[in-house]
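The values are calculated or read from the model by the stated rules, or taken from the named source; none is laboratory data. Note that this is a predicted model, so its numbers are computed, not measured. Ideal geometry is used to build each Cβ from the backbone, glycine not excepted, and the neighbour counts take in all protein chains shown.
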Amino acid sequence: MARELLERYVMSTKKPELLAPAGDLEKLKIAFMYGADAVYAGVPDFGMRVRQIGFDLKSMEKGIKYAHDLGKKVYVTVNIFAHNADIRKLPKFLGKLARLNPDALIVADPGVFQVIKDLKIQIPLHLSTQANVTNHKAVEFWHDQGFERIILAREVDWRDIRLIHKKLPKSQLEIFVHGAICMSYSGRCNISNYLTNRDANQGDCSHCCRWEYDVYLEERQRPGNMMKVEQDERGSYFFNSKDLCLIGQMDKVLNTGVVSLKIEGRNKSIFYLATVVRVYRKALDMACDSMGLYNKQKNRLKRELESINTRGYSKGFFGGNQKDLSSAKSYEKQGNRKFVGLVKGRAGDLVKIEARNQIMTTDKLEVMTPDKILKLKISNFLDEKGKDIGKVVNTNKLFFIKSCLELPEYSFVRKHL
């Protein structure tokens, strides 16, 4: 009976948007191709991924126009914690950005928000997860300030999210559903500043929590007697969180009433991006159409996510069990699929592919498109004139194959490991 009520609730709820990261213009296009409804992106100086950002204002303008032509959205991050020097530069930047017509600005710092108010910029505002909103009163406060959407802190479980929605049913709530988790979960971390003098709160994190460490314990009564904490041949990973993955929790996710499901990873590869967006698109559509079908398929969908490199998966705080949060063994794990080639289009009856790793004709291959996973057998590699060039191609080599398969540009050739 409870399951029937939940399914009835989900069927009556508007389908949330699927929000993907876009580190550059190519990733923006891939995110939309593989099923995203919207992307979030930034430009240097004012976004939280300054070293990985591939956008400038010119390419951002192209990306926004591309999205709008598809009927999709771009949210621009202006979510650093600003210093006085940043505030001085901000009005000029915001004036230029406003002319690009983004669908929202993602903001964390009250000072940045105040500058936006002073300039009377009429762009919807989304409050960044960096603001650490964990309760309905905080949501109410920020809505009263003028924020259209609140991106909740990662430290909130699904029951609390549902309670916030129940108390403020007209509020727009957004949550993360997948991706790497900062050692401090919603940010405000200082280990990068301390070890490398790179400010994580200004978009310049060096990801020290991902590094390998030798860890020692000292017992108070025996000073100087250092005992090494050993884990395995790769070192210790005490700071390193597992990756968030809610692919198996879509019933609870939809029951929270959130309007947007966010995937983390602007500095991830195009293969990671396409794989994750594709799987969540299928899971979201399936769960909204038939919870029964989703329940039958969710383990298969999770296996697809486990095929790429991860640090292990966790439900984070979402499930309410904090033992699930992180593990000292959460170093990156090799998936069982390796990205080896990117389809670049067709030349007559030939498919043009760029090798991204070495490929051999003896490899067990398949192609991931937005809709299908197709088996691929390559008997030989050809040049653009159809001439045989051998049985092996290496990274960055352009080659051609004969195939009757429908392989659109930005399909991914992957190898079984």
| Single match in F81, F113 (criterion: aromatic (F, W, Y), within 27 Å of R198 (Cβ to Cβ) and at pLDDT 95 or above) | F113
| Applying the selection to region 370-409, what residues are in contact (Cβ under 8 Å) with a residue 40 or more places away in the chain and buried (at least 19 other Cβ atoms within 10 Å of the Cβ)? | F399, F400, I401, L407
| field | Boolean, V133 is without any contact (Cβ under 8 Å) to a residue 24 or more places away in the chain, assigned by TED's automatic domain parsing to the domain that holds R149, surrounded by 18 or more Cβ atoms within 10 Å (Cβ to Cβ) and within 19 Å of F176 (Cβ to Cβ) | value | yes
| task | Considering (1) surrounded by 15 or more Cβ atoms within 10 Å (Cβ to Cβ); (2) within 25 Å of the chain's Cα centre (by Cα); (3) not hydroxyl-bearing (S, T, Y), say which one L365 fails and leave the rest. | result | (2)
| message | It is to be established whether one or more residues within region 371-391 are at pLDDT 95 or above, under 29 Å from R303 (Cα atoms) and touching a Lys or Arg at 6+ places or on another chain (Cβ under 8 Å). | response | no
